[in-house]
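First up is the structure itself, then whatever we jot down about it.
The values are calculated or read from the model by the stated rules, or taken from the named source; none is laboratory data. Nothing here was measured: the structure is a model prediction, and the numbers come from that model. In this analysis, Cβ positions are derived from the backbone assuming ideal geometry, glycine residues included, and neighbour counts consider all displayed protein chains.
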Amino acid sequence: MDVTVTVGLGNGNKDQMLGHLMMILQTQQAVMQQLGPQNPLVGLQNVYNTLEKICENAGLKTAGPYFSDPKSAAAVPPPPTGAPAPQTPDPRAIYAQGSAQAGVIRAQADMHRAQNEPQTRAIEAAVSAKADIVKAKIAAGATIAAAAIKAGGSLQETIHEVLSEIFRDAMSQTGDQTGAGLGPQQIAQPAAPPMQQAPMGNP
């Protein structure tokens, strides 16, 4: 029959032994933190042995209920340490995304241009038509003025009447009512040439 003999220790000796064991355990933990669990100085088995001695010093028969012996424990892969490495973005995916965004922007610009193009063309056509009418009025007025002068009409009155008519037509074509109430007397008239004084003869 196997007999286990437990030698009693005084409280002073137990406290002293516990202090030594705790110092050893702290040293083992520091080594494993600095060098990793696979370092050649301190292994999991060494840490377990220290914990087993601490349990014995506390009066426990075995450390089994509190710690697993690495020799008998099933091999469990250690958890991954550190954060996973960031994935490098695929340049082709970045190019495809940029091309898609550029295509959307171009499509929106083309749609906006197509919506405004009819209105822009209509405005340009109206402006061009009004300009052509004004030009035609000016040409017709010049012809009328030339005919009136040939017929013996006054140069100043003929020019004044022609300019007044062209001015009123131009205002009506552009939609500006500023000159609607202006009469021939309210439009600037060309200055009359200075009258030459007849030379005075000898008495």
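Screening Phe67 with (1) surrounded by 15 or more Cβ atoms within 10 Å (Cβ to Cβ); (2) in a helix (DSSP H, G or I) gives one miss only, at (2). Between residues in segment 81-108 that are in a helix (DSSP H, G or I) and residues that are at pLDDT 80 or above, which pairs lie under 8 Å by C-beta distance while being six or more apart or on different chains? Partner pairs satisfying both residue conditions: none exist.
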